[in-house]
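The next block holds one structure in the form of structure tokens; read it before the comments.
The values are calculated or read from the model by the stated rules, or taken from the named source; none is laboratory data. Note that the structure is predicted; figures quoted are calculated from it, not measured. Backbone-built Cβ (ideal geometry, glycine too); neighbour counts: all protein chains shown. The protein model used for the area step is the full one, side chains on, heavy atoms only, and it has no ligands, DNA or RNA in it. Shrake-Rupley method; radii C 1.70, N 1.55, O 1.52, S 1.80 Å.
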Amino acid sequence: MTTITPDAPATDSAQREVEILGMIGTRDASETRGGDGPAVDADYTRRFAKAHEDGGFDRILIGYGSSWPEGTQVAAHVAAHTERLGLLVAHRPGFVAPTLAARTFATMDQFSQGRVAVHIITGGSDVEQRRDGDYVDHDGRYDRTDEYLTVLRRAWSSTEPFSYGGTYYRFEEYASGVLPYADRHLPLFFGGSSTAAYRVGGRHCDTFMLWGEPLAETAEQIASVRAAAADAGRPAPRISVSFRPITADTDDLAWERAHGILDQINAGAGRYIAEMVKKMNGGSGPQNEGSRRLLAAAAKGDLHDRALWTPTATAVGAGGNTTALVGSHETVAQAILDYIEIGVDTVLIRGYDPLDDATSYGKHVLPLVRQEVAHRRGGATR
């Protein structure tokens, strides 16, 4: 891809490469369906990943949850069945040593020949953290992540043994026998919306990931991330925003589909997810700032800007990236471009009908976005 100028002006969208991400799971499940069958369906996972590769996505996110299949194993399966698709593996610091994590991801990067990136999620629910035996509080978790990423970055680049002594990690004369493919730094993605997240992400990340809020609120978060990076003496990271597009051939058909999806969420798996989100937060509102922000946006109205629709987030307690972009393929592509105009250069899209939506996005939405971005840059589409 084209080299990014990290501190490019927010309005200079014509000069920035746009990266489009998807997200996969290991079985056919979402807020609209329960996902019967085994937790790991190897054939479905392969087909899901191939749909993204064939559709022209740059990377796929492989998520993390305390009860989910282990992400590096999923990524290894996907890497073996794809050729160019990037692998963004969600990883939660605190459960393995950073030196072991560095070797794990570097080994995968060697086997996949440079396709691995790591998405750091520090954790926003005390209840879920404790399921894996972690009792460190919110701010402590971010301090621990700060140390963790300091070690990771050095472990991926150091050809000489080094020692480290911090509050959370301490080791002597660590020397890795495996570094990332082609002597590169593995890209670090980072998520969060709290002051602590801005501070730690601004200090370490290459791409800062946000959930889909209205344009004004997203611009505010971008400013906060850039300020944190500047305070750390680093160039501004790339900015990613995540959406759940609901598209069809016309706006009317898309809205008909959107209301049908909302009915499915309220009648089925979504209610279970909402209860689980509530349980993870001790029976009260969400602990993590990202979910709070989505619910605050939803409280202001159902529809924002060109196409951002919030009832899907409210229906599941904003337990993840759950705001939709609703409209025709052209309308949704234009809505994505609205975010690119304010400084977003990485967009994650995943559907409520996961595999079918990934195929549809690749056929209808990605070409429109890339064609317009290429037009603004005066170049050709890929």
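Tabulated data
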quantity: The range 20-170 - convex hull of the alpha-carbon atoms, volume per residue in Å³; calculated: 123 Å³
quantity: Stokes-Einstein diffusion coefficient of the range 110-152, Kirkwood radius over Cα pairs, 37 °C, 0.692 mPa s, in µm²/s; calculated: 272 µm²/s
quantity: Nearest-20 debye value, the range 68-185 charge dipole, Cβ charges on Lys, Arg, Asp, Glu; calculated: 320 debye
quantity: Rounded to 10°, Cα long-axis angle of helix 289-300 versus longest principal axis of the chain; calculated: 20 degrees
quantity: Square roots of 5 times each gyration tensor eigenvalue, C-alpha, the range 85-201, largest first, Å; calculated: 24, 17, 12
quantity: The chain, accessible surface, carbon-and-sulfur percent (1.4 angstrom probe); calculated: 49 percent
quantity: Relative contact order of the range 133-215, pairs being alpha-carbon contacts under 8 Å that are 6 or more residues apart, as %; calculated: 26 percent
quantity: In order through the range 128-140: 3J(HN,Hα) via Karplus (6.51 cos²θ - 1.76 cosθ + 1.60), integer Hz, x for Gly, Pro; calculated: 5, 4, 5, 4, 9, x, 9, 10, 6, 6, 3, 5, x
quantity: Student exercise, the range 218-273 dipole from Lys, Arg, Asp, Glu Cβ charges, in Debye to nearest 20; calculated: 420 debye
quantity: Note, ³J(HN,Hα) from phi for the range 109-121, Karplus 6.51, -1.76, 1.60, rounded to Hz, x at Gly and Pro; calculated: 5, 5, 5, 8, 6, x, 9, 9, 9, 10, 9, 8, 10
quantity: Alpha-carbon Rg/Rh ratio, for the range 43-116, with Rh computed the Kirkwood way; calculated: 0.97
quantity: Gaussian network model of the chain, Cα within-10 Å springs - most flexible of G351, G192, G260; calculated: G260
quantity: Relative contact order [Cα under 8 Å, 6+ residues apart], the chain, whole percent; calculated: 21 percent
quantity: For the chain, share of DSSP beta bridges that run antiparallel, in % to the nearest 5; calculated: 20 percent
quantity: Sequence-separation-based contact order of the range 72-116, relative, with Cα cut under 8 Å and 6+ spacing, percent; calculated: 48 percent
quantity: GNM top mover of S163, S224, S125 - the chain, alpha-carbon springs below 10 Å; calculated: S163
quantity: Angle in degrees between helix 195-204 and the longest Cα principal axis of the chain, rounded to the nearest 10; calculated: 60 degrees
quantity: Distance (nanometres) between label positions extended 7 Å along Cα→Cβ at L303 and E70; calculated: 4.8 nm
quantity: Dipole magnitude of the chain, debye to nearest 20 (Cβ charges: Lys/Arg +1, Asp/Glu -1, about Cα centre); calculated: 520 debye
quantity: Candidates E341, E330, E160, ranked by Gaussian network fluctuation over the chain, Cα under 10 Å, top entry; calculated: E160
quantity: Accessible area in square angstrom per residue, the chain, 1.4 angstrom probe; calculated: 42 Å²
